[in-house]
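See structure below.
The values are calculated or read from the model by the stated rules, or taken from the named source; none is laboratory data. None of the values given here were measured: they were computed from a predicted structure. We place every Cβ from the backbone using ideal geometry, glycine too, and count neighbours over all the protein chains shown.
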Amino acid sequence: MSDIQRQPAEVTYADEIAALKAVDTKPKPEGWVLSPQAVITYLMGGQAGDTEISAKYVGNRRLIETAVATLATDRALLLLGVPGTAKSWVSEHLAAAVSGNSTLVIQCTAGTDENQVRYGWNYAQLLAKGPSRDALVPTPLYRAMETGKLCRLEELTRMGSDVQDTLITVLSEKMLPIPELNEAVYATRGFNLIATANDRDKGVNDLSAALKRRFNVVVLPLPDDMDEEIAIVSKRVGEMARSLDLPAPKNVTEEVKRLLAIFRELRAGETLDGKTTLKKPSGTLSTAEAIAVTVGGLSHAAFFGGGDLTAGSLAPNVLGAVLKDPVQDKVVLEEYLETVLKKRRDYADYYQALTELV
Ligand SMILES: Nc1ncnc2c1ncn2[C@@H]1O[C@H](COP(=O)(O)OP(=O)(O)O)[C@@H](O)[C@H]1O
Ligand SMILES: [Mg+2]
């Protein structure tokens with residue numbers, strides 16, 4: 001095992017990508033590593049010759065087809081959804097399968113300026129030689145255009161609208177002017193953008209109409225089916241436990257089921273049977289958080305709990321996920337404990353562990 005904590009998708013899944021490439025007979029858009037059909041198999045799982053391709057995204061195939069089809073056009077792709085709906089995950093895997101490189105990423109923040117989107121300058125070189133290609137520092141976007149790859153923009157709406165709008169020329173003219181050198185970078189075939197943004201966030205800057213028009217929006221939903229969500233969480237927890245060298249006890253799926261029942265009831269603001277209305281906490285309690293809570297519980301169980309995954313080792317993590325607002329959410333959780341969990345015999349351990357903590 002290598003010392004690197006986490007490899008990019010194209011390295012982790014190099015075998016799968018190579019196997020898909022070997023049997024891929026469908027036409028590829030220029031600059032693509034795989035055909036659109038093979039990209040779908042890579043994301044949704046399937047078979048490539050003798051190699052089994054693991055499912056990366058669990059959910060609606062049509063959504064991913066739309067995403068892949070968009071990338072083959074001149075419009076860019078915007079993955080939209082609440083936090084924890086696998087937007088970044090899908091974006092990474094799409095870039096790995098389409099371009100063989102998922103590392104051309106710009107993390108957009110309120111502090112992101114144009115130099116981080118277009119290009120910057122190496123000031124020592126700039127002073128010594130004046131503006132020149134040698135003094136120019138390319139950004140991931142610049143390199144993606146030059147090499148015909150996908151550039152990922154994480155949390156696009158967190159950066160200022162004026163900076164966002166520098167993307168308009170890139171997307172409409174497929175070029176990036178460099179006025180200082182009286183030159184421009186022209187995008188090579190294969191170049192496109194995948195942006196992610198979440199629609200439940202404070203301090204977001206909506207896209208201008210001009211920019212919005214150049215993106216095709218694909219909304220990634222929270223799984224509406226409980227069995228599907230159990231499958232996603234159990235699968236990802238298994239994979240993460242393996243990469244962290246944590247033992248996965250036999251009762252993981254059982255515990256994931258109980259945990260997701262709590263998550264889904266609080267998220268929906270009513271009990272699973274629809275009989276009791278509940279207050280909703282301020283956080284999203286997403287699938288990704290259920291994964292994090294379970295992995296946290298596994299680690300606790302492995303080091304301090306004798307190995308079995310119990311409500312006692314999960315409860316502190318559940319609390320962290322629910323109590324995003326320490327005052328308001330505490331009231332919500334207390335009410336849930338008293339009106340729902342207290343009456344459920346099979347949740348007695350959760351009730352006890354959580355009431356001790358809140
Ligand atoms: N439908 C899904 N299929 C596969 N994995 C999922 C799904 N939903 C959530 N996940 C998991 O959730 C985790 C976090 O997702 P992430 O991409 O960081 O969320 P986002 O960027 O939408 O906030 C990833 O490890 C991913 O595997
Ligand atoms: Mg993300």
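Taking region 168-182 only, how many residues are within 25 Å of E30 (Cα to Cα) and either outside any helix (DSSP H, G or I) or without any contact (Cβ under 8 Å) to a residue 60 or more places away in the chain (or both)? Residues flagged as within 25 Å of E30 (Cα to Cα) and either outside any helix (DSSP H, G or I) or without any contact (Cβ under 8 Å) to a residue 60 or more places away in the chain (or both) within region 168-182 amount to 9. Residues that are within 11 Å of ligand 1 (Cβ to nearest atom), charged (D, E, K, R) and touching a Ser or Thr at 6+ places or on another chain (Cβ under 9 Å) occur in region 200-213; there is at least one.
Condition check ((1) surrounded by fewer than 19 Cβ atoms within 10 Å (Cβ to Cβ); (2) not hydrophobic (A, V, I, L, M, F, W, C)) across all residues:
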residue	(1), (2)
K342	yes, yes
D346	yes, yes
Y350	no, yes
T355	yes, yes
V358	yes, no
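When the strands (runs of 3 or more DSSP E) confined to region 41-156 are screened for residues that are within 13 Å of ligand 1 (Cβ to nearest atom), those reaching at least 2 such residues are found at 76-80, 105-107, 150-154. So how many residues does region 80-138 have that are among the charged types (D, E, K, R), farther than 30 Å from L43 by Cβ and surrounded by 19 or more Cβ atoms within 10 Å (Cβ to Cβ)? Qualifying residue count for the region: 1. Restricting attention to region 309-332, the residues that are surrounded by 15 or more Cβ atoms within 10 Å (Cβ to Cβ) and more than 25 Å from N251 (Cα to Cα) total 4.
Restricting attention to region 192-211, the residues that are away from ligand 2 (no atom under 16 Å from the Cβ), touching a strand residue (DSSP E or B) at 6+ places or on another chain (Cβ under 8 Å) and either more than 29 Å from G100 (Cβ to Cβ) or not in a strand (DSSP E or B) (or both) total 1. Looking across S161, S234, one residue alone is assigned by TED's automatic domain parsing to the domain that holds E30 and either away from ligand 2 (no atom under 16 Å from the Cβ) or aromatic (F, W, Y) (or both). It is S161.
Taking W89, is it among the aromatic types (F, W, Y) and either under 26 Å from D165 (Cβ atoms) or within 16 Å of ligand 2 (Cβ to nearest atom) (or both)? Yes. Restricting attention to region 221-241, the residues being surrounded by fewer than 14 Cβ atoms within 10 Å (Cβ to Cβ) and in a loop (DSSP other than H, G, I, E, B) number 3. Of everything in region 18-44 that is within 17 Å of E239 (Cβ to Cβ) and in contact (Cβ under 8 Å) with a residue 40 or more places away in the chain, the residue that is surrounded by the most Cβ atoms within 10 Å (Cβ to Cβ) is Y42.
For region 282-300, state whether one or more residues are over 28 Å from the mean Cα position of the chain (by Cα) and either surrounded by fewer than 20 Cβ atoms within 10 Å (Cβ to Cβ) or in contact (Cβ under 8 Å) with a residue 60 or more places away in the chain (or both). No. Elements of the type helices (runs of 4 or more DSSP H) sitting completely within region 242-346 and holding at least 1 residues that are charged (D, E, K, R): these cover 252-268, 287-304, 328-339. Starting from residues that are among the basic types (K, R) and touching a residue at least 60 places away in the same chain (Cβ under 8 Å), keep the ones in region 232-274 and report whichever is nearest to L222 (Cα to Cα). My answer is K235. What pairs can you find where one residue is in region 80-96 and at positive phi, the other is within 11 Å of ligand 2 (Cβ to nearest atom), and their Cβ atoms are less than 8 Å apart, with a gap of 6+ or different chains? Qualifying pairs under 8 Å: G81/K87; G81/N198; G81/L220; G84/S286; G84/A288; A86/L220; A86/A288. Against the list (1) buried (at least 17 other Cβ atoms within 10 Å of the Cβ); (2) modelled with pLDDT of 95 or more, the condition T147 fails is (1).
A187: surrounded by 20 or more Cβ atoms within 10 Å (Cβ to Cβ), closer than 30 Å to S132 by Cβ and either small (G, A, S) or within 16 Å of ligand 2 (Cβ to nearest atom) (or both), yes or no? Here the answer is yes, as A187 does meet what is asked. In region 113-134 there is no residue that is farther than 20 Å from N216 by Cα and within 16 Å of ligand 2 (Cβ to nearest atom). The residues of region 190-207 that are surrounded by 15 or more Cβ atoms within 10 Å (Cβ to Cβ) and more than 23 Å from L63 (Cα to Cα), listed by number, are V204, N205.
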